[in-house]
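*Asks:* First the structure, which I've put down as structure tokens, then a few questions once you've had a look.
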Amino acid sequence: MADDSSDPLISGYHRFRANHWPAARAEYEALAAGQTPHTLIVACSDSRADPALIFDAAPGQLFVVRNVANLVPPYEPDGQLHGVSAALEFGVKVLNVRRIVVMGHAHCGGVAAMRYGAPDTVQDFVAPWIAQGTPVVRRIAETCELESCEQATEEAVVRLSLDNLRTFPWIAGREADGRLELTGLHFGIAEGMLRKLTSAPRFEPLS
Ligand SMILES: [Zn+2]
């Protein structure tokens with residue numbers, strides 16, 4: 001067998017098996033019967049903002065959808081390939097999650113690309129994907145204070161995704177009758193702190 005000791009993925013797996021698995025085994029065996037996550041999280045694919053770590057979540061607790069810039073497209077049941085919408089439908093209708101969280105984060109390259117344009121090397125998929133957020137981001141960027149612009153645009157994308165979540169009739173309906181709560185968060189990478197979109201409406205430190 002090849003020596004994988006220098007591969008961080010394989011060595012991480014070995015640590016999981018040696019350090020984590022013995023204590024967690026019974027939990028995983030129970031989860032094999034099915035999952036009942038309490039929250040569906042839409043987060044960015046960014047390697048620095050991992051929902052399971054930030055919420056100290058155990059397996060089975062979070063149903064996570066990650067994509068470039070934590071975007072939720074609007075409801076479009078047109079038979080096309082809608083990966084985010086498929087995950088939402090499964091999480092809401094089958095798993096009956098009680099909450100959907102959209103979590104943006106600081107220094108988001110996807111949001112920066114909405115503001116400044118996607119790099120030439122990622123025109124096949126990234127450019128059309130982030131284009132859905134470009135109008136709102138550029139509108140915010142026209143009026144925000146220079147030092148807070150990056151954060152303001154990231155917050156605007158969280159709001160956009162929340163707005164688009166409410167275009168799904170089975171999300172809006174469940175929110176209206178109290179079965180589903182929608183929450184917007186922003187994660188500050190350097191501080192390790194979450195801020196929450198309040199009814200103010202603005203993002204404030206999570207108490
Ligand atoms: Zn990001």
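The values are calculated or read from the model by the stated rules, or taken from the named source; none is laboratory data. None of these values were measured; they are calculated from a predicted model. Cβ coordinates were reconstructed from backbone atoms using ideal geometry, including for glycine residues, and neighbour counts include every protein chain displayed. Note: areas computed on protein heavy atoms with side chains; ligands, DNA, RNA excluded. Shrake-Rupley method; radii C 1.70, N 1.55, O 1.52, S 1.80 Å.
*Asks:* What's the number of the only condition in (1) closer than 30 Å to Leu160 by Cβ; (2) open to solvent by 80 Å² or more (accessible area, probe 1.4 Å); (3) among the hydrophobic types (A, V, I, L, M, F, W, C) that Ala33 fails to meet?
*Replies:* Every condition holds for Ala33 apart from (1).
*Asks:* Residues in the range 143-170 that are out of contact with any strand residue (DSSP E or B) (no Cβ under 7 Å at 6 or more places or on another chain), within 14 Å of Val102 (Cα to Cα) and not small (Gly, Ala, Ser): how many?
*Replies:* Going through the range 143-170 one residue at a time, the tally reaches 4.
*Asks:* Looking only at the range 118-135, how many residues end up being under 16 Å from Cys149 (Cα atoms) and more than 16 Å from the ligand (Cβ to nearest atom)?
*Replies:* Going through the range 118-135 one residue at a time, the tally reaches 1.
*Asks:* If only one of Ala176, Ala172, Ala190, Ala152 is free of Cβ contacts under 8 Å to residues at least 60 places away in the same chain, among the aliphatic types (A, V, I, L, M), within 16 Å of the ligand (Cβ to nearest atom) and open to solvent by 10 Å² or more (accessible area, probe 1.4 Å), which one is it?
*Replies:* Only one candidate passes the filter, namely Ala152.
*Asks:* Further question on the same structure: Counting only residues that are within 16 Å of the ligand (Cβ to nearest atom) and not acidic (Asp, Glu), how many does the range 7-47 have?
*Replies:* 6
*Asks:* Within 22 Å of Val136 (Cβ to Cβ) and crowded, with 17+ Cβ neighbours inside 10 Å: which single residue out of Val72, Val64, Val97, Val92 fits that description?
*Replies:* Unique residue meeting the criteria: Val72.
*Asks:* May I ask you to say which residue of Ala87, Ala69, Ala106 is away from the ligand (no atom under 16 Å from the Cβ), in the same structural domain as Asp177 (by TED's automatic domain parsing), closer than 22 Å to Asp46 by Cα and of a type in the set (A, V, I, L, M)?
*Replies:* Just one listed residue meets the conditions, Ala87.
*Asks:* Can we say Ala113 is in contact (Cβ under 8 Å) with a residue 12 or more places away in the chain and over 21 Å from the mean Cα position of the chain (by Cα)?
*Replies:* So Ala113 does not fit the description; no.
*Asks:* Considering only the range 86-106, how many residues are of a type in the set (Lys, Arg) and part of a helix (DSSP H, G or I)?
*Replies:* 1
*Asks:* Please go through the range 17-45 and give me each residue that is among the hydrophobic types (A, V, I, L, M, F, W, C) and closer than 25 Å to Leu88 by Cα, ordered by number.
*Replies:* Listed by number, the residues that qualify are Ala30, Leu31, Ala32, Ala33, Leu40, Ile41, Val42, Ala43, Cys44.
*Asks:* I've got another one for you. Checking Ile140 against (1) touching a helix residue (DSSP H, G or I) at 6+ places or on another chain (Cβ under 8 Å); (2) open to solvent by less than 20 Å² (accessible area, probe 1.4 Å), which test does it fail?
*Replies:* The single condition Ile140 does not satisfy is (2).
*Asks:* How many of the residues in the range 4-15 are open to solvent by 70 Å² or more (accessible area, probe 1.4 Å) and at pLDDT 95 or above?
*Replies:* Within the range 4-15, residues that are open to solvent by 70 Å² or more (accessible area, probe 1.4 Å) and at pLDDT 95 or above number 5.
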